[in-house]
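The values are calculated or read from the model by the stated rules, or taken from the named source; none is laboratory data. Please read all numbers here as calculations on a predicted model, not as lab measurements. For neighbour counting, all protein chains shown are included, and Cβ atoms are generated from backbone atoms with ideal geometry for every residue, glycine included. What goes into the accessible areas is simple: the full protein's heavy atoms, side chains included, and nothing from ligands, DNA or RNA. Shrake-Rupley method; radii C 1.70, N 1.55, O 1.52, S 1.80 Å.
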Amino acid sequence: MTSRLGDLKIALFFIFPAVIGFVAFFLIPTIRGIYLSFTEYSILGEPTWIGLENYTAIFADELFWNAMGVTIQYVVLNIGFQTVIALGLALLMHRVAKSTFIRGALLLPFLVANVIVALLWFWMLDYQLGIVNEIMSWVGLPRVAFFGSEQWAIPTIAFVNVWRHMGYTALLIFAGLQAIPNHLYEVANLDGASPARTFWSVTMPLLRPVLVLVLVVTVIGSFQVFDTVAVTTNGGPVNASRVIQMYIYQKAFGESDFGYASALSVILFVILALVAFVQMKFLKGNESDLD
Amino acid sequence: MTTSTAPRKNASRQNSRSSGLSPKKPINWRRAGAWVLVAVAVAVTIAPFLWMLRTALSSNSALASNAGNLLPADFSWGAFKRVLGLQTIDEAIADGGSGAAINFWLYLRNSVIFATITTAGQVFFSAMAAYAFARLRWPGRNKVFAVFLTTMMVPPIFTALPNFLMIKNLGLLNTMAGMSLPFLFMTPFAIFFLRQFFLSMSREVEEAAMLDGAKHLRIFFQIVLPNAAAPIATLALLTFIGQWNEYFWPLLVGQDESVRVLTVGLSVFKSQSPQGALDWSGLMAGTLVAALPIFLLFIAFGKKVVNSIGFSGIK
C-alpha cells in the first residue's frame, strides 16, 4: 500500500503552494471567465445570465470586426518582418559573429520594458521633433505622423515591436541552427551544393521544428499586443490601432461591461488555440526531420 | 559563382582561424558584407538608446530648436534632477519641464518590492513543485504535471479579467498583495524549466543522504537547491526582468499612487502632460533611470541571460 502511493504525502506538501496558485489564479478564473461571457455584468451587482447574447452582439459589432482586422494586420506585419529579419540575423550570428557581445547587444531591446521601448520610439518618431522625421526631411522626404495617422499607426507599432523582438527571435533560431549537425553541411559541400541550395535543402528542413515553435510563440504573443498601443496611440486615431486586447480593456474598464469583455476574451482564447493547433498541424512542428 | 562554389563551411572555418591574416588570401567579400550587416544590425539596436541618453541630457526648451543635433542640445542635468525629484516644480518648469511630476523614488521602491516578492515566491514555490514532479514518485504525477502545463496555453488577458474581479472581491485592489498574488505561486514555465534540471541530477547523492536518515525537506534544501543554483539563478534573473517590465496587471490593480510601479508611473507621467507639450528630456531621463536596473543586471549577467534564451524559448 505504501509503496503504491510512494511519496504521495510529501509530494502533496511540495506541490501545495503551486496547486493553490494554479487553482486560484488559472483554473477558477478560466471557468469564471467562460461563465461571465454568458452574463451581463457591470462590476456593480450580480452577473445576470443572458445566454449567447454577448456572442451574437459581438458578431454584429462593427468595432469588434474592426479590432480583429487591425489585430490581424498587426500580426501579419509584425510576424512577417520579425521572422525574416530574425532568420537573417540568426544566420549571420551562426556563420560570422558568434560573439556573446553581439548577441547580447541585439537582445537588449527585448529586456527593456515595452513601456520604455514605446516611449523611446514615440519620441524618435514624433512628427515635429523626432529624429526620424528630421532625417527624412534632410533627404527630402515628407514628414510622417507615424502614430498620428490612421494609415501609419499599425505599421509603426508593428515596426517598434519588430525592433524590440528581432534579437530575441534571432537567438531562438540561432539555438536551433546550432543543433544542426555539422556533418550534414560537410556532405552538402562534398556534393558541391551552392549556399542557397544548402540553405533550402539542409538548413530550412532541419530548422523547421524550431521555426514552428518560434512562430507559434510569437504569433500568440503578438495577438495580445497591448502595452505599445496603450502608451503610444491608445487605440487611435479614431479606431485605427484599437487592437483586440485594447478593445477588451476598454469594454471592461472603460465601459464596465465585464460580460461583453469576457466574451471577447473567450473568442480571443479560441482563436489563439486554433492558431497554435493549425500551425503545429500544418507545419508538422512536433516532428523533426533528424529522427 | 566564383566564390560560391568554394566549400562554405570550410571557408568559414579557415577564415576564423587565419582571419584574413594570410597575405595570399583575397578579400572575402561575402564575409565582409556579412560583417557590415552585423554592424548595421547592432547600430540599429544601440543607436536609439544613445538617442535616449542624448535627449535626457538636453535642456527641454532647447530640444525644439535643435531637433537634429547629434549632441545634447544645451547640455543639462535638469531632466535627471526633475525625474529624481531634486527640482521644485517651479525650477522644473523654468527648465522646460511640463509641470507634470513623477514620484520616482516611490515608484522605484514599488517596482523593487513587486519584482522581488513575485520573483522570490514564484521561483521558490515552482522549485518545490518541480522537485515533486521530478524526484518524488507518486500516483498521478504525470497527469497532474500535464494539467499544469496546459495552463501555458491560457493567454494572460483571459485570466486577467476574472483575476481582477477576485482581487477586487478580496478587497485587495491597490495593494501590493493584490498585485503580487497571481504571480506568487507558480508559472507552468518555471516548473517546467526547473523540472528539466532536477530530472538530470544523479540519484546517488540523494540516496546516500536517505540512508543517513535525511528527510525530503533536508534533501531539497541541502542537496537539490544548492546543486541547481545555476539554473535557479538564471530563472530568477529572467523572472525578475519580466516582472520589472510587467505593465498590464499593475495597470489594472495598482493604479493608486502608493503602489504604482515604474512602468505605470512612466505612462501616467506621459499622459499627464498636456498634448503637444511633452517634457521629452524628462521622459527620456525617466525611461533611462527606469531601465537602469535592467542595464546593470545585463552587464553583470549578460552571458547567462543570452545563453539561456535558447532554452527559455519554450516559454
- Just by accessible area at a 1.4 angstrom probe, what is the order of B:D279, B:D256, A:D61 from largest to smallest? B:D256, A:D61, B:D279
- Note on the structure: Amide H proximity to B:W138 below 5 Å, modelled H, separation 5+ or other chain, gives A:D7
- Once Rh is set to the Kirkwood radius over Cα pairs, what Stokes-Einstein translational diffusion coefficient, in µm²/s, holds for the range A:96-207 at a temperature of 10 °C and a viscosity of 1.306 mPa s? 92 µm²/s
- Item | Förster radius 41 Å - calculated FRET efficiency between B:F124 and A:M280, Cβ distance, rounded to 0.05 | 0.80
- Task: Pairs of Cα atoms under 8 Å, at least six residues apart: use those to get the relative contact order of the range A:53-206, whole percent.
- Result: 31 percent
- Mind giving me the FRET efficiency for A:E53 and B:Q196? R0 is 41 Å, r the Cβ-Cβ distance, nearest 0.05 is fine. 0.35
- What is the Rg over Rh value, at two decimals, for the protein assembly as shown, using alpha-carbon atoms and the Kirkwood definition of Rh? 0.99
- From largest to smallest, what semi-axes in whole angstrom does the range B:93-232 give when each is the square root of 5 times an eigenvalue of its alpha carbon gyration tensor? 39, 20, 13
- What figure in square angstrom, to the nearest 10, would you give for the accessible area of B:I157 with a 1.4 Å probe? 0 Å²
- Task: Over 27 Å, how big is the tail of the calculated P(r) for chain A, in percent of all Cα pairs?
- Result: 57 percent
- Zero-based 5 Å bins, Cα pair distances in the range B:187-315, whole percents: 2, 8, 14, 14, 13, 12, 11, 9, 6, 4, 3, 2, 1, 1, 0
- Task: Take the alpha-carbon centre of the range A:7-73, take the same for the range B:108-178, and report the distance between them in whole Å.
- Result: 16 Å
- Neighbourhood net charge (11 Å Cβ-Cβ; Lys/Arg +1, Asp/Glu -1) for B:F269: +2
- Task: Take the Cα atoms of the range B:184-262, find their three principal axes, and give me the spread along each one in whole Å, biggest first.
- Result: 55, 21, 18
- the range A:148-262: relative contact order from alpha carbon pairs under 8 Å, six or more residues apart, as a whole percent, is 32 percent
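Counting only Cα atoms, I'd like the Rg/Rh figure for the range A:150-281, Kirkwood definition for Rh.
Details: Rg = 20.2 Å, Rh = 17.6 Å.
Rounded to two decimals, Rg over Rh is 1.14.
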- Query: What shape does the range A:1-135 take by its C-alpha gyration tensor, where a ≥ b ≥ c are the square roots of the eigenvalues and a/c under 1.5 counts as rounded, a/b above b/c as prolate, and the rest as oblate?
  - Reply: oblate
- Would you mind getting me the FRET efficiency between A:F101 and B:E207? Use the beta-carbon distance for r and R0 = 41 Å, nearest 0.05. 0.40
